[in-house]
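What follows is a single structure, written as structure tokens, with notes after it.
Only the coordinates and a few stated rules stand behind these numbers; no lab work does. Here the structure is a predicted model, which is why all the values come from computation and not from measurement. Cβ: placed from backbone, ideal geometry, glycine included. Neighbour counts: every protein chain shown.
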Amino acid sequence: MILRCLIIEPIEDSHVVNENIKTGQSDEELIAAARDGDDEAFRQLVRKHQSRVAATVIGMLGQCLEADDIGQETFIRFYNALDHFRGESGVETYLTRIAINLSLNELKRRKRRNWLFLPMPGRSEETFEARTPRLELNEEAELLHQAIEKLKPEFRSVVVLRMLEERSTEETAALLGISEGTVKSRLARAHHKLKKLLQPYLGEK
Amino acid sequence: MDKKVTDLLYRSCQSALSDEEQKWLDEALARSGALRKEKELIDSFFKTARSSHEPSFAPFFDDRVMKKIKAGGDDSSLLEPFLDALEYVFRRVAAAGVVFALAVIVLNLGSSETISLANAFGIPEAKLADVFDPFYLLNP
């Protein structure tokens, strides 16, 4: 099941995306316009920040339909909270926080569904693969991502933010609502676990 | 491998070490081939993870988001909130149940003369022969 969500990379129409972000408006201006009911402004915000949200969500859940749903849900929550958003933490940080929380909830649901033997909604690999072609990651990266997916959610979130997104320890701690010491210890433990998981393959090399 | 040195090695990947710690680590790295190999491995983890992590959502993601917003946002079923609520209630009921069971066990053991599993659970002690005895069944 872990393998099902890996190495499926969609083709992003970067030309279209870049064309639309060229408006040069700041987040604050876009938010103000979106608050006044300008849907196009909110669409610009989505285009501007979707890659960061994708990095977080796909890092946490793997590349699968659920990740797309959680990504959408992240922006919907943001849209619903526009009136309350004061801009103290920045749009990107705010979105990452929502994305992390929703991803953690989704992992909890996955665990529960596995336990209850319920079918996973939207986890039809065939449907997703028909829509998006595979990207051939190198073997090492593939193994590493598989290993990351085997980590417990609390370790995985730290690995995604620190290792994959290259955020600082301080930033990671703030996003997850834990102390910097906890971030460091979780990352060290995650490294040990990753090493253990990858040891058989490293041995082969 | 010395755990302290290994911890220092992992910490060095996350944040800058103090001068003294860095010097100590450098010396340890110069001495130990195994430690150098470990460092290479950690560096490789970071490098591989970063280089391979440039994910994006499927095309027309913004269209899907806007469509959902127009449709009224959250279209998730009621099953998940129900299961969340069920789990919340179950945890509290289970915790209260365990506390209650422990209290009963302590009370039973306190009021009995000997410590046994049967006494702990308040089960009347009976021999196998008694169980099949019709008189015992009628008046245990």
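Numbers for the structure displayed
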{"read-out": "Violating pairs (Cα-Cα greater than 18 angstrom) within the set B:LYS4/B:LYS37; A:LYS196/B:LYS37; A:LYS48/A:LYS108; A:LYS152/A:LYS184; A:LYS184/B:LYS23", "value": "A:LYS48/A:LYS108; A:LYS184/B:LYS23"}
{"read-out": "For the stretch A:62-69, Karplus couplings with θ = phi - 60° (6.51, -1.76, 1.60), whole Hz, Gly/Pro x", "value": "x, 7, 7, 4, 4, 4, 4, 4"}
{"read-out": "Residues A:ILE148, A:ILE178, sorted so that the one with the fewest Cβ neighbours within 10 Å comes first", "value": "A:ILE178, A:ILE148"}
{"read-out": "Least to most buried among A:HIS49, A:HIS192 (fewest other Cβ within 10 Å first)", "value": "A:HIS192, A:HIS49"}
{"read-out": "Gain in span if fully extended, B:ALA71 to B:GLN22, counting 0.36 nm per residue against the direct Cα distance", "value": "11.9 nm"}
{"read-out": "Averaged over A:78-84, number of beta-carbon atoms from partner chains that fall within 10 Å", "value": "1"}
{"read-out": "Derived scalar couplings ³J(HN,Hα) [the stretch A:80-86; Karplus, 6.51 cos²θ - 1.76 cosθ + 1.60; whole Hz; x for Gly, Pro]", "value": "5, 9, 3, 5, 9, 6, 9"}
{"read-out": "Nitroxide proxy distance, nm - points 7 Å out along Cα→Cβ at B:GLU80 and A:GLU88", "value": "2.7"}
{"read-out": "For the stretch B:76-132: rounded, prolate or oblate by the Cα gyration tensor [a/c cutoff 1.5]", "value": "oblate"}
{"read-out": "Spatial separation of Cα centroids for the stretch B:93-111 and the stretch A:146-205, in angstrom", "value": "40"}
{"read-out": "Residues B:LYS68, A:LYS195 arranged by fewest to most Cβ contacts within 10 Å", "value": "A:LYS195, B:LYS68"}
